[in-house]
Amino acid sequence: MAVKILPNQIQNIQQIEAVVAGPDDANRLVIINGQFDCYLQASSQGPNYVSQKEIFTVLIGPVFTKQQFVQANATASVTKTAFSIIGGVGQDNFSWQILGVDADWDDESGQVELRIEAQVACSGPSQNATINGFAFNVTILAAVAAV
């Protein structure tokens, strides 16, 4: 089950909309940038490799009908990481990864749903690896009737 991020949890959101001449009658380009805090942690107690995966979702941008929505794409990056070694010595491994990013029209809200799948991993005695935030960029192409 994905972790839903509420729109009011988005920080530093920036949105710009431009009139364009695009494919499939597209005439609007919406670009949205922002970031949000989250929590994803892996903890190891011994030499074994431990990982945790999670999907984070958030609804963003204007509301479109299915006919207005043409396509969307997205990128994301990890913005806040942490690791801790509690009394451990020896080989320590930590990793923070984005496994996938997707943006598509959500039929219930009419907005674009951004999905970020991430993983943290660590190995070694008493190790923790954490992702505490993501930054994102979403580009939406739509066909909106002129007013």
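Once fully extended, how much extra length lies between A82 and S126, figured as 0.36 nm per residue of separation less the alpha-carbon to alpha-carbon distance? Taking 0.36 nm per residue and subtracting the Cα distance, the gain is 14.4 nm.
Each distinct pair of alpha carbons in the chain adds a 1/r term; the inverse of their mean, the Kirkwood radius, is 16.8 Å. Simple spin-label estimate for Q41 and Q11 gives 1.8 nm between the two label positions (7 Å along the Cα-to-Cβ direction from each Cα).
Within the full protein context, the accessible area of S109 is estimated at about 40 Å² for a probe radius of 1.4 Å.
Report Rg(Cα)/(2.2 N^0.38 Å) for the stretch 96-147, keeping two decimals.
Taking the Cα Rg and dividing by 2.2 N^0.38 Å, one obtains 1.74.
Between V63 and A135, full extension at 0.36 nm per residue minus the direct alpha carbon distance yields a gain of 23.7 nm.
Counting only protein heavy atoms and using a 1.4 Å probe, what share of the accessible area of the stretch 1-81 belongs to carbon plus sulfur, as a whole percent? Within the stretch 1-81, the accessible surface is 50 percent carbon and sulfur.
Here the chain is treated with +1 on each Lys and Arg Cβ and -1 on each Asp and Glu Cβ, and its dipole about the Cα centre works out to around 340 debye. Across the stretch 18-103 the C-alpha pair distances fall into 10 Å bins from zero in the proportions 11, 35, 23, 16, 10, 6, 0 percent. The stretch between A146 and S95 holds 13.5 nm of extra length on full extension. This uses 0.36 nm per residue minus the Cα-Cα distance.
When all protein chains stay in place and ligands, DNA and RNA are ignored, the 1.4 Å accessible-area order of T81, T139, largest first, is T81, T139.
For the chain, what does the accessible surface come to per residue with a 1.4 Å probe? Please give it in Å².
Spelled out: the 1.4 Å probe surface of the chain, per residue, equals 55 Å².
Partners of K53 within straight-line reach, counting lysines whose Cα lies under 17 Å from its Cα and excluding those fewer than 8 residues away in the same chain: K4, K80. Between M1 and S51, the modelled labels are 2.4 nm apart [label points 7 Å from Cα along Cα→Cβ]. Computed over neighbours whose Cβ is under 14 Å from that of Q97, the net charge equals -1, Lys and Arg +1, Asp and Glu -1.
The values are calculated or read from the model by the stated rules, or taken from the named source; none is laboratory data. Here the structure is a predicted model, which is why all the values come from computation and not from measurement. Cβ coordinates were reconstructed from backbone atoms using ideal geometry, including for glycine residues, and neighbour counts include every protein chain displayed. To get the accessible areas, we keep the full protein, side chains included, count just its heavy atoms, and leave off ligands, DNA and RNA. Shrake-Rupley method; radii C 1.70, N 1.55, O 1.52, S 1.80 Å.
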